[in-house]
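Structure, as C-alpha cells:
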Amino acid sequence: AILQQHVVANGAALADVHELALDTESNSMFAYRERLCLVQIGFGDAPSDGREGAMQLYAIDPLAFESPAAANEPLLRWLALGRRVLLHGGEYDVAVLKRELGVAPTNLFDTQAAPAASCTRASTWPRPSSCRPTHQGAGTC
C-alpha cells in the first residue's frame with residue numbers, strides 16, 4: 001500500500017509501534033550522485049494462519065515530495081525515539097538514511113548479521129559448515 005496521506009500528516013500509524021521492519025532503495029546503479037528513491041516499512045502482527053491480518057506495509061516515495069526528509073518526517077520522529085528497527089543486510093540502508101535524512105537508527109536487529117554474530121566460532125564468511133542458523137535467527141555451532 002502507498003503511504004496514506006494521514007500518516008504523512010501526523011504519523012498516527014506509527015504512534016504505538018515499538019518495532020518495525022525497514023528497507024530502502026536508491027538509484028545507485030544509474031546515477032553519479034545517488035538518491036533515496038523508496039523507503040519501505042512494515043509493522044504489526046502477521047497472523048500465523050496465513051490470512052491477512054494486522055500487518056501494515058507502507059511504501060514511501062521521497063521523490064514525490066519536496067525533500068526526502070519531508071516525505072519521511074513521521075518515520076524520522078519515530079526513529080528519534082530509539083525503538084527497534086529490523087533490517088536485512090542493513091549496512092547500506094543505514095548509510096543511505098544517514099546521508100539522505102541525517103539520521104542513523106541506533107536500535108538495530110539485522111537478520112543477515114545475527115546468525116553469524118551468534119556463532120561461537122569466528123564469524124568470517126563463509127560460515128563454517130557446522131554453523132547453522134536456527135529458525136529464530138540465532139546460530140548454533
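Before moving on, here are some points about what is shown:
- Under 12 Å, Cβ to Cβ, from VAL94 - net charge with Lys/Arg +1 and Asp/Glu -1: -3
- Radius 14 Å from Cβ of ARG35, net charge of other residues (Lys, Arg +1; Asp, Glu -1): -3
Each value in this text was obtained by applying a stated rule to the coordinates, not by laboratory testing. What you see is a predicted model; the values in this text were computed from it and never measured. Note that we place each Cβ from the backbone using ideal geometry, even for glycine, and neighbour counts take in every protein chain shown.
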